[in-house]
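See structure below.
Where a number appears in this text, it was derived from the coordinates with a stated rule and is not lab data. Computed from a predicted structure; not experimentally measured. Glycine also receives a Cβ, built like all others from the backbone with ideal geometry; neighbour counts cover every protein chain displayed.
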Amino acid sequence: MIVDDHIHALPKGNRDDVLPELLRQCRVNGVSVGLVSIGWKISPFPDEEETRRSNEAALDFATRSGGLLKPLAYLNPQNDNWREELDRCLDEGAVGIKLWTSLKEPDGKLDNAVKLLRHAGERCLAVLIHTWQVTWSPPSSQINVPEFAELAERCPDTRLVAAHSGGNWRHSIGVLRDRLPNANLEVCGYYPEKGLVEALAADVGAERVLFGSDLIGRSQASQMAKVVFADIPEKDKELILGGNAARLFGLEETPPPASEPLRPKEELPDFGEDHFCFCGDWPFHGGPWVRPDALDELLAEAGIETAYTGDFGGLYRQDLERANNRFLAAALKTSRVAPLATLNPTAPNWPSVIRHLEDGFAGVILHPYLHNWRLDEEAHAAFFRTLSEARLPVWINCAIADHRTRHSGLACRPVGGEELTAFCQNAPSNDYVLQGVGGRQVSRMLGEHAGDASLRFEVSRLTDSSYDYGDVAAEHGLSHLVMGSEFPLRDLREVRWTAQRV
């Protein structure tokens, strides 16, 4: 039994009724029960009318879902009528409570939230609470996992679930360990990183970790892939995917709905190539990093013939000529790793680095996101002309990992749509592959440069959202799309598995 404990009854873009897509994703992913909350619209401190209308929207979804969705009562503990609203929701079939960002009072205290949570404990209701901790300060109304732990301590008889595990889950490690048995963590709705499920299960035990997706903004499959490809026992995956939620929210064992077919591979980019892959050690934290020879074996197991691969080891090196050639020497001993030389146009010696690139590189990779420079700056025009004249194909990393949880000492800068448009309008003739670009930006770029056969986008970020891949492929076809795994920050199989389900 698979339970998605985090679904929203909110419109998406120009789509007023997203229920058919919610149900399709649940069917294709074998989800038996989805817990739905927050409809109509969202604001940090919803008043009584907004809270009522939001719950009515969630109830409407549950009613029209044929039993697949069950509502959670969305409450604002600062509203005087939260008890009456809870009673109404329970009468309408709610199986628990959802709290979002309105937990804190104006002075920062949590006393009103504590009153609500203790009442929930008395009524044996589990509570799903939004938690978020990012590099910069979040809105004052949100709570982080240490504040969530404070609530668990003050309400020991209430079963609590920290939605998102704080977002920056590494800063949640240790907070709940060996204490607060009523406090649980949930892996919903943020960057689907390899290793997070393993780390949280090791920290608090698999019996205290829950799966959720954050539909409709996130695709359910990308969130489920965190668990499906986690390196943990199958019995622990079963607990995380459904057993724990069923226990906490009192759900009966329910068979999965009739399945939906997977997206055929004919509607997807070539699985045999990978355009978003790295070797070496990611500089910010430990993880499943590999050398070229080990990557070569993994590619063979996954049926990937060629992976255009950058080197984490050279990411912040200043002696790029030496770093690139060392990476090349290791990659040339493999049969599937196509090495990309790391270049940085802000380094004054970039002409020399390009001139002295040894034979064997498949192209170059640029990092305007991590290296904090703009693609459309006139100062870099000569750099791109030189790459064009040298006939060096260019991979451009526009985003990697999740910038919201970046190291506080890192000045990375997401690459925006206007910047991409300005760059492509003036970019010299060359082959360009853009990594980590979201659906709205891809659609905009292809709408303006549809005839440019040299411009391609890898699809990892498109598969993270519910509609993006399907919309882009339907409007623009596959000729501008290539497969990318974002390995090793994601499992090598994850994006391909997800792409067949979005």
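Would you please put 228-234, 495-501 in order of how densely packed they are, using the mean number of other Cβ atoms within 10 angstrom per residue and starting with the highest?
Details: 228-234: 14.7, 495-501: 22.3.
In descending order of packing, they fall as 495-501, 228-234.
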| query | Tell me, in nm to one decimal, what length is gained between Glu377 and Lys115 on full extension, where the rule is 0.36 nm per residue of separation less the Cα-Cα distance? | reply | 88.9 nm
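Take Trp289, Trp132 and order them by how many other Cβ atoms sit within 10 Å, fewest up front. Spell out each step's value before the answer.
Working: Trp289 16, Trp132 21.
Arranged by neighbour count, lowest to highest, Trp289, Trp132 become Trp289, Trp132.
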| message | As a test of understanding, state the convex hull volume per residue of the range 3-249 from its alpha carbons, in Å³. | response | 114 Å³
| message | Relative contact order of the range 265-499, please, whole-number percent, based on alpha carbon pairs below 8 angstrom and at least 6 residues apart. | response | 21 percent
| Order of Thr405, Thr334 - criterion: other Cβ atoms within 10 Å of each residue's Cβ, fewest first | Thr405, Thr334
| query | Between Ser479 and Asp319, what is the spin-label point distance in nm, taking each point 7 Å from the Cα along the Cα→C-beta axis? | reply | 4.6 nm
| request: List every residue whose amide H lies under 5 Å from the amide H of Leu366, counting only residues 5 or more places away in sequence or on a different chain, with H placed 1.01 Å from N in the peptide plane. | output: Trp395, Ile396, Asn397
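Percent antiparallel among DSSP beta bridges with both residues in the chain, to the nearest 5? Before the final figure, lay out the partial values.
Numbers: 2 of 53 bridges.
Among the beta bridges of the chain, antiparallel pairing accounts for roughly 5 percent.
Taking a quarter of the surface of the convex hull around the Cα atoms of the range 184-261, what do you get in nm²? Each step should come with its number before you reach the end.
Working: hull surface 22.5 nm².
Mean projected area of the Cα convex hull: 5.6 nm².
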| task | State the Kirkwood hydrodynamic radius of the range 48-192 in Å, one decimal place, computed from all pairs of distinct Cα atoms. | result | 15.6 Å
| field | Viscosity 1.306 mPa s, 10 °C: Kirkwood-radius Stokes-Einstein D of the range 265-499 over Cα pairs, µm²/s | value | 89 µm²/s
| note | For the pair Arg88 and Asp359, the simple spin-label estimate (label points 7 Å beyond Cα toward Cβ) gives in nm 7.6 nm
| task | Please give the helix 439-448 orientation as an angle from the longest Cα principal axis of the chain, in degrees from 0 to 90, rounded to the nearest 10. | result | 40 degrees
| request: Against the globular-protein guess of 2.2 N^0.38 Å, express the Cα radius of gyration of the range 53-139 as a ratio, rounded to two decimals. | output: 1.17
| request: Report the full-extension gain for the segment Glu252 to Arg404: residue separation times 0.36 nm, less the Cα-Cα distance, to one decimal in nm. | output: 51.0 nm
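As a quick test, which of the pairs Lys41/Lys226; Lys70/Lys237; Lys115/Lys235; Lys98/Lys235; Lys109/Lys235; Lys109/Lys226 have an alpha carbon distance above 32 angstrom in this structure?
Working: Lys41/Lys226 28 Å; Lys70/Lys237 22 Å; Lys115/Lys235 36 Å; Lys98/Lys235 27 Å; Lys109/Lys235 40 Å; Lys109/Lys226 34 Å.
Correct reply: Lys115/Lys235; Lys109/Lys235; Lys109/Lys226.
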| List the aspartates and glutamates whose alpha-carbon lies under 14 Å from that of Lys265, not counting same-chain residues fewer than 8 positions away? | Glu273
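Full-extension gain between Asp17 and Lys333, please, as 0.36 nm times their residue separation minus the C-alpha to C-alpha distance.
On the way: separation 316, 0.36 × 316 = 113.76 nm, distance 5.30 nm.
Going from the current span to full extension adds 108.5 nm.
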| task | Note down the relative contact order for the range 390-476 as a percent, whole number, built from C-alpha pairs under 8 angstrom at least six residues apart. | result | 31 percent
| At 222 nm, what helix-only mean residue ellipticity would the chain give, in deg cm²/dmol to the nearest 500, using -39500 (n - 2.57) for each DSSP H run of four or more? | -9500 deg cm²/dmol
| message | Over the chain, what is the relative contact order in percent, taking alpha-carbon pairs closer than 8 angstrom and at least six residues apart? | response | 13 percent
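Only counting other Cβ atoms within 10 Å, I'd like His449, His367 sorted with the fewest neighbours first. Intermediate results must be reported in sequence, preceding the final value.
Details: His449 17, His367 21.
Fewest-to-most ranking of His449, His367: His449, His367.
Counting pairwise Cα distances across the range 334-393, what percent come out greater than 16 angstrom? Let's see the in-between values first.
Working: 779 of 1770 pairs.
Result for the distance tail: 44 percent.
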| message | If packing is taken as the average count of other Cβ atoms within 10 Å, what order do 321-329, 270-278, 349-357 fall into, highest mean first? | response | 270-278, 321-329, 349-357
| task | For the range 373-380, take each phi angle, set θ = phi - 60°, evaluate the Karplus expression 6.51 cos²θ - 1.76 cosθ + 1.60, and give the result in whole Hz per residue in order, putting x for glycine and proline. | result | 9, 9, 5, 8, 5, 4, 4, 9
